[in-house]
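S.K.: Below: one structure in structure tokens.
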Amino acid sequence: MDWARAIERNSEALKGIVEALFAMLGLVSSDTVARIPQPLHRAVLRLLRPAESAVRRLVVMAARGLVVKLAPSRPMPAGPIGKGGNSPPAFQLFDPRKNFESLRQHCGRPTRNPPRIHIFGSDPRVAALWPSPQPSPDPAPPPDGLVNAQRLSRRLQALKLALEDLPRQARRLARWRVRRETAKAPKFKSPLRPGHPPGHRRKAIHEVDEVLIECHGLACDAMKPDTS
């Protein structure tokens, strides 16, 4: 497998997609946009999610066989830690995991051994004991139709910076893996979540969908143990 060629080919395709996303938001370099129309926000997010997943899988390929050594831990400074607002955003190296707890709360937990109650006839006093649940109201749309896009802008910038320096992201991922392996009880050790990647669509409607499918397959192969 020519991993270098596969990474280069998919990187070029993703760079074109990222440029298109910057153009959709009217961004240049490290600029951010404060508020944008909600339909535009959704349109950018539909392409940003699969693009982020594809870049994560490029990083997995780039980190294949990479061995790093963690630097010794340093003591925490005594004074308050300041966080610069102009620092470049860091790209998230692992897929966001599905929140099964919220899914259970949304679908409702089945009660264990529910009481069997039979009611003959209609009695308003009995109905008052178990009022029907009221649906939660939908959040009111913003009055001007605009939504905050600063976080979206930062995610797009982080994606662009990661694509421009994949070797650095590969070293970050290698160090992340070492820390996970040495942790006592990590929640997960793989940067890729089980099942379909975030942003996956069954039917490809954009170039980014095809890039994600290819990168996902290659990343899964890259993570297999080397038996040669």
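S.K.: What does the charge add up to near Glu214, with Lys and Arg as +1, Asp and Glu as -1, over the other residues with Cβ less than 12 Å from its Cβ?
M.R.: Residues close to Glu214 contribute a combined charge of -2.
S.K.: How much net charge surrounds Gly145 when only the other residues with a Cβ under 15 Å from the Cβ of Gly145 are counted, with Lys and Arg +1 and Asp and Glu -1? Could the numbers behind the result be given before it?
M.R.: Values: positive: Arg35, Arg42; negative: Asp144.
That sum, taken over residues with Cβ under 15 Å, equals +1.
S.K.: Still on this structure, please answer the following. Where the centroid of each part is defined by its Cα atoms, how far is the range 178-201 from the range 24-74 in Å?
M.R.: Taking the Cα centre of each part, the range 178-201 and the range 24-74 sit 17 Å apart.
S.K.: How do Lys203, Lys224, Lys160 line up, fewest other C-beta atoms within 10 Å first? Could you put the intermediate results ahead of the total?
M.R.: Values: Lys203 5, Lys224 8, Lys160 22.
With the fewest neighbours first, Lys203, Lys224, Lys160 line up as Lys203, Lys224, Lys160.
S.K.: Sticking with this structure for a sec: Once the Cβ-Cβ distance between Leu146 and Ser30 is put in as r, and R0 is 25 Å, what FRET efficiency do you end up with, to the nearest 0.05? Don't skip to the end; give the middle numbers.
M.R.: Working: r = 22 Å, r/R0 = 0.87.
Efficiency for this residue pair is about 0.70.
Since every read-out is calculated from the coordinates, none of them should be taken as a lab result. All values derive from a computational prediction rather than experimental measurement. Every residue, glycine as well, gets a Cβ built from its backbone with ideal geometry; the counts of neighbours run over all protein chains shown.
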